[in-house]
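Structure first, then comments.
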Amino acid sequence: MDNSKPGNLSICKFLRARNPYGMMEGGEDPWLLLDDANTISWCINSAGAMGPDNGLVSPMECKKGRSCFVSQQADTI
Amino acid sequence: MDTRKEKFPHGIPGHNLTEIEREIPIEEPPVWPVNDELKVIGKRVTRIDALEKVTGKAKYTSDIKLPGMLYAKMLRSNVPHAVITSIDISKAESLPGVHAIHLIENVRKEGEENNNGKYPMVKYAGQPLGGVAAESLEIAKDAISLIKVNYEEKPFVIDIEAAMELNAPIVFDEPITQQEDGGDVGETHDGSKGEGNVRGPSTSSFFGGPRGDLEEGFKEADVIVERTYRTQVHTHMPLETHGVVVDWNPDHMMVYASTQNTNAVRNEMASIFNLPKSKVRVFCDFMGGGFGAKHSAGSFGPMAANLAKKTGRPVWLMLDRQEEHIAEGNRPNSIQSLKIGARKDGTLTAIQQRSHGTAGVNLGAGVGRIAQILYPCPNFATEQYDVLTNAGPGAAWRAPGNVQGAFGLEQAIDELAEKLEIDPLKYRDLIDKSEVRKVERQRGAKLFDWSRRQAAGSGKGVVKKGLGVGQSTWPRFVTLDSSVEVKIHNDGGVEIRSSVQDIGTGTKTILAQVVAEELGLPVAAITVNIGDTFFPVGPGSGGSVVTGSITPPARNATYEAKKALLKLVAKKWETDSSELFIEDGQVGSKKDAGLKMPFKEATKLMRTSQISKIASRSNDYGGFQQPWGLAYGDLGSVQFAEVSVNTDTGFVRVDKIVAAHSCGRPLNLGQLESQINGGVIQGVSYALYENRVMDNGTGHMMNANVDQYKVPFSMEIPEIETLIVEEYGARSSTDAYGIGEPANIATAAAIANAVYNAIGVRIYEIPITPSSILKALNKVS
């Protein structure tokens, strides 16, 4: 499978995700891009498995367009 | 290119050891020979912190006491699904000794209107809602009991199968219509089958997606096994619970944390409080276990920091055992359907797997990878679904997904062997292409005396003996963002610095060994200062990555520091530093055996007070299987189990486990054995005892304690014999890997196979209890 990463992923900076092998921090170009499958995710803004909008947290969900999304460039919550 | 070629040991001593030439960066140290020819590496070196641990001198996070420190307690929901209409803290606020109360509230971005309410919606019983800081823990607890939370309760669902019903209460209101699934990493594709609380399927991993044609594969099969296996929710139960002490000074935030990842906690706290990373310092000297659940600051970290901010005082916040069970992670359960086909000669023709599992309000319940990669099979497909429930979130748990998957797969392989009328160990010889597991089977079978095994259920008497085997694989992962600083001081002292933490596995000791071996010094001469984010960034302790990630840069930095020191000696002796070496604490010369200088004396030649060298993990020699640190090869294991089953009481006792493992170049046999012992004990506990029991009527965990949440005590721990197989891959300057995950994967499967061998009836669900044994034997209904 192709494991090249698409650019400018726009994943919320407050997403964290971990699968058996590594940990991902949100942003535009996480060094290890995880997806929802077999991945535990949490939001460090809401400090839990639910986002500030009460929705599910995951690399595929926590993207630009979601009400609670915060870009990597934003310097405040 | 600045490289050179060197010949490395390659293969397994006593089996197929040979040499392989690798092109390596020119600055990296010369190849180490096999362990037999080394002085410190591969030996039973006593933990350097053993005395501190056994005398109680070791300070864990909960032991931290700071001037003016307050104690905090979390407020948690006592309903599983609700909207919070109000929270009344007035009585708690007025309690003497209470200094601050912090409630978790929805954050609204500037100018944004939303209808999320003031407080987060409650999705599970035990969800954190706030915290209190007080003069004592008792006062904080009292204050929590005085806080009145008003809920507008909503329907909830706890049971996985109930949650899969289309009319089940929905855990997340937003419809789940699509899952973009790329397996573990990278490429995405559309699964589009999720609905209700069911999400998925995941059909691939970085080892690829579906292979071949299942239908054709099963047509080719002469024998097919098709079964459903069930595993339970398993909580982590580290001796030390999650927690922090936060001391927020004007110039920086100091966080004492019980964590597997100081760097991740630092980054989280910096992000949450909008601080530069350089203004947050996370420290973890001693740590009492995490097993995968301690990679984040959690909710307790920010809570302690908020309370510290409000009070201007340090805040201690350690969770209690109940909180640990309900809110800080668990191994998801699973319902796995597995169908495997084989020809008469044993060749596997098809493997089909379909699983559902719940990680509560989280995702991550997949179990498919081990079925995908343990045995070569041309036709393979998996569908792994997450089921959302109103229960505490799952977390990574020592070989996530693989332990559940192995329980199913290794029983199915046993059953297939029986249908083919082949001994299950011989059958694995036939279908398993791993050279290291082949050696493990050979050596393990001899140590275990596999020849004692009788036909299933053929034992006489009430207590029947059974023997079983289970296998596992774990990929070799490396965290490239792993760095070490090595200092040689001008008083002869040698110091290692890194933010990597020792979670109880012995990382401090192996780092000291690596540096001692390279410098020709005793291990006791090395001081290890790690677990501090003011030092170079180390890897998180998860995925068995630490040894493979941090020991090569430790050796490489030491080599650079040694070269710098030897240049000083060479100048004094008016010779070439390449002719010099350090052995047994003395600098010597290959050219002139009469030239000797004690190491300590050599350090006095420095013009500065120290030599300091930092090295980072370089790419594997020969490259990676995937560019982000998936190395070639695997960490194979084979475990053998001997059980006694009382067919009158249903009581199962695991008498003995022989655990044969590989981890590249073993660094410390004693510590490896210790980690394997721990993995096996957890495996025994998973197979027979531990089980989160939820009340479907209230959504509460009913055994959130150490009384009814059964873990084995000393009389229930079997005799454990370990067998470490050295396997050289020539991939780094230490060629070593971890053992944390592999130690835990195969045990439950081996025990289940042994139980079948004892009683002649197969148990497809864990934990295997007296009740399940008696039901299987038709002795109770």
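Any read-out appearing in this document is the output of simple, stated calculations on the displayed coordinates, not a laboratory observation. The shown structure was predicted, so the numbers you read here are calculated from the model rather than taken from an experiment. As a convention, Cβ positions derive from the backbone with ideal geometry for all residues, glycine included, and neighbour counts pool all protein chains shown.
Want the number for B:T347 to B:D88: 0.36 nm per residue separation, take away the alpha-carbon distance, what's left? Walk me through the intermediate numbers first.
Working: separation 259, 0.36 × 259 = 93.24 nm, distance 6.68 nm.
Contour length minus Cα-Cα distance gives 86.6 nm.
With +1 on the Cβ of every Lys and Arg and -1 on the Cβ of every Asp and Glu, and nothing else charged, how large is the dipole of the range B:406-478 about its Cα centre, in debye rounded to the nearest 20? Please list the in-between numbers first.
Details: 15 positive and 11 negative charges, 62 e Å.
That gives the range B:406-478 a dipole magnitude of about 300 debye.
Once the dipole of the protein assembly as shown is set up with Lys and Arg at +1 and Asp and Glu at -1 on Cβ about the Cα centre, which of B:V171, B:I759, A:A47 lies farthest towards its positive end?
The residue sitting most towards the positive pole is B:I759.
Round to the nearest 0.05 the FRET efficiency obtained for B:E19 and B:Q586 when R0 = 30 Å and r is the Cβ-Cβ distance. Walk me through the intermediate numbers first.
Numbers: r = 30 Å, r/R0 = 1.01.
Once the sixth-power term is evaluated, E becomes 0.50.
What is the calculated FRET efficiency for A:K63 to B:K310, with r their C-beta to C-beta distance and R₀ = 25 Å, to the nearest 0.05?
Working: r = 33 Å, r/R0 = 1.33.
Result of the calculation: an efficiency of 0.15.
For the range B:1-106, compute Rh as the Kirkwood radius over C-alpha pairs and then the Stokes-Einstein diffusion coefficient at 37 °C and 0.692 mPa s; write the answer in µm²/s, rounded to an integer. Can you show the working numbers first?
On the way: Rh = 21.9 Å.
For these conditions, the coefficient is 150 µm²/s.
Please give the calculated 222 nm ellipticity per residue for the protein assembly as shown, where each DSSP H segment of at least 4 residues contributes -39500 (n - 2.57) and the sum is spread over every residue; nearest 500 deg cm²/dmol?
Estimated from H runs of four or more residues: -7000 deg cm²/dmol.
Can you pull the one-decimal nm distance between simple spin-label points at B:E165 and B:T55, each 7 Å off the Cα toward Cβ?
Roughly 6.2 nm, to one decimal.
Taking H placed 1.01 Å from N in the peptide plane, check which residues at least 5 places from B:Y632 or on another chain put their amide H under 5 Å from its amide H.
Answer set, sorted by chain and number: B:Q625.
Would you work out which of B:G506, B:L17, B:T389 lies farthest towards the positive end of the dipole of the protein assembly as shown? Charges go on Cβ: Lys and Arg +1, Asp and Glu -1.
B:G506
³J(HN,Hα) across the range B:598-614 via Karplus (A = 6.51, B = -1.76, C = 1.60, θ = phi - 60°), whole Hz, x for Gly/Pro?
Going residue by residue, I get x, 3, 4, 5, 4, 5, 6, 7, 5, 7, 9, 6, 7, 9, 10, 10, 10 Hz, with x marking Gly and Pro.
If we count other beta carbons within 10 Å of each Cβ, what is the order of B:S616, B:S733, B:S278, B:S637, fewest first?
Listed from fewest to most nearby Cβ atoms, that is B:S278, B:S616, B:S733, B:S637.
Contour minus end-to-end for B:L38 and B:S136, with contour as 0.36 nm per residue of separation and end-to-end as the Cα-Cα distance? Mind dumping the intermediate values first?
Numbers: separation 98, 0.36 × 98 = 35.28 nm, distance 5.29 nm.
Full-extension gain reported as 30.0 nm.
Sequence neighbours fewer than 8 away in the same chain don't count; with that in mind, list the aspartates and glutamates whose C-alpha is under 17 Å from B:K277.
Candidates past the 8-residue exclusion: A:E25, A:D75, B:D247, B:D251, B:E268, B:D481, B:D532.
Compute, for the range A:1-63, the length of the dipole vector about the Cα centre, with Cβ point charges of +1 (Lys, Arg) and -1 (Asp, Glu) only. Units Debye, rounded to 20.
Numbers: 5 positive and 8 negative charges, 34 e Å.
Dipole magnitude for the range A:1-63 comes out near 160 debye.
Identify all lysines with a Cα-Cα distance to B:K91 below 23 Å; exclude those on the same chain that are fewer than 8 residues away in sequence.
Straight-line reach from B:K91, under 23 Å: B:K73, B:K118, B:K141, B:K148, B:K309, B:K310.
Once the principal axes of the Cα atoms of the range B:237-298 are found, what is the range along each, listed largest first in whole angstroms?
In descending order, the Cα extents are 35, 17, 14 Å.
Relative contact order, percent, of chain B when contacts are C-alpha pairs under 8 Å separated by at least 6 residues? Let's see the in-between values first.
Numbers: 2006 pairs, mean separation 121.3, N = 781.
Normalised by residue count, the contact order of chain B is 16 percent.
What is the sum of charges, Lys and Arg at +1 and Asp and Glu at -1, for the other residues whose Cβ falls under 11 Å from the Cβ of B:A143? It would help to have the intermediate numbers written out before the result.
Numbers: positive: B:K73, B:K91, B:K141; negative: B:E93, B:E135, B:E138, B:D142.
Here the count lands on -1.
Do you know the Lys pair count in the range B:372-483 for C-alpha distances under 27 Å, with sequence separation 8 or more or different chains?
Going through the range B:372-483 pair by pair, I get 17.
Using the Cα centre as the reference, give the magnitude of the dipole from point charges on the C-beta atoms of the range B:224-325 (Lys, Arg: +1; Asp, Glu: -1; all else neutral), rounded to the nearest 20 debye. Please report the intermediate quantities before stating the final value.
Details: 11 positive and 9 negative charges, 50 e Å.
With Lys and Arg at +1 and Asp and Glu at -1, about 240 debye.
Kindly state, as a whole number, the per residue volume in cubic angstrom of the convex hull around the alpha carbon atoms of the range A:1-63.
77
For B:D620, B:D213, what's the fewest-to-most ordering of other Cβ within 10 Å of each Cβ?
Details: B:D620 24, B:D213 14.
The order, fewest Cβ neighbours first, is B:D213, B:D620.
Can you tell me the mean projection area, over all orientations, of the convex hull of the range B:521-623's alpha carbons? Units nm², please.
Working: hull surface 34.4 nm².
Result: a mean projected hull area of 8.6 nm².
In whole Å, what is the distance between the alpha-carbon centres of the range B:65-82 and the range B:276-342?
Answer, in whole Å: 14.
Taking the convex hull of the alpha carbon atoms in the range B:375-499, what volume per residue do you get, in Å³? Intermediate values should be presented prior to the final figure.
Numbers: hull volume 36.4 nm³, N = 125.
Measuring per residue, one finds 292 Å³ for the Cα hull of the range B:375-499.
Students often get this wrong, so check it: of B:K59/B:K600; A:K13/B:K294; B:K65/B:K710, which have C-alpha atoms separated by over 23 Å?
The pairs that break the limit, which is 23 Å between Cα atoms, are B:K59/B:K600; B:K65/B:K710.
Given bins 20 angstrom wide, list per bin the percent of all Cα-Cα distances in chain B, short to long.
Per 20 Å bin, starting at 0, the Cα pair percentages come out as 15, 46, 32, 7, 0.
What are the residues whose amide H is under 5 Å from the amide H of B:I41, where those residues sit 5 or more places off or on another chain and H is modelled from the backbone?
none
Relative contact order, percent, of the range A:1-63 when contacts are C-alpha pairs under 8 Å separated by at least 6 residues?
On the way: 106 pairs, mean separation 19.7, N = 63.
Reported as a whole number, the value is 31 percent.
Between the alpha-carbon centers of the range B:427-489 and the range B:670-688, tell me the distance in whole angstrom.
Between the Cα centre of the range B:427-489 and that of the range B:670-688, the gap is 13 Å.
Limiting things to C-alpha atoms, what are the Rg and the maximum Cα-Cα separation (Dmax) for the protein assembly as shown, in angstroms?
Cα radius of gyration and Dmax of the protein assembly as shown are 27.4, 88 Å respectively.
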